[in-house]
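Working notes, structure below.
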Amino acid sequence: MPQDQIIEWAREAGFSFFDAGYGPEVLHTKEHQYSQKCFERFAALVTQHERESCALVCDRNDSIRWSGASAAIRARGTT
């Protein structure tokens with residue numbers, strides 16, 4: 001997955017990025033304390049992306065063997 005996508009999800013989860021001499025894409029935590037919620041939101045975003053990627057693979061397979069698999073994968077994210 002592209003680095004810019006990972007950074008976008010991290011920002012969406014509540015992490016902040018700034019240039020601390022390592023480049024603007026480096027998560028800098030020296031002055032920030034992140035709650036467990038930030039990490040949970042980030043993990044949920046990554047998991048959602050991976051789940052959808054797997055479901056798309058199933059969607060592209062026309063075999064009866066894969067019938068319903070994409071719906072089952074997507075449903076895992078609704079609980």
Does any residue in the stretch 51-63 that is under 16 Å from Ala75 (Cβ atoms) come within less than 8 Å, Cβ to Cβ, of a residue that is of a type in the set (Phe, Trp, Tyr) and assigned to a helix (DSSP H, G or I) six or more places away or on a different chain, and which pairs are these? Cys58/Trp66
Residue pairs, Cβ under 7 Å, 6 or more apart or interchain, first in the stretch 1-17 and touching a residue at least 40 places away in the same chain (Cβ under 8 Å) and under 14 Å from Leu45 (Cβ atoms), second among the β-branched types (Val, Ile, Thr) and surrounded by 15 or more Cβ atoms within 10 Å (Cβ to Cβ). List them. Trp9/Val46
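Computed from the coordinates by the stated procedures, all read-outs in this text should not be read as laboratory data. Quick caveat: nothing in here was measured; it's all calculated off a predicted structure. As a convention, Cβ positions derive from the backbone with ideal geometry for all residues, glycine included, and neighbour counts pool all protein chains shown.
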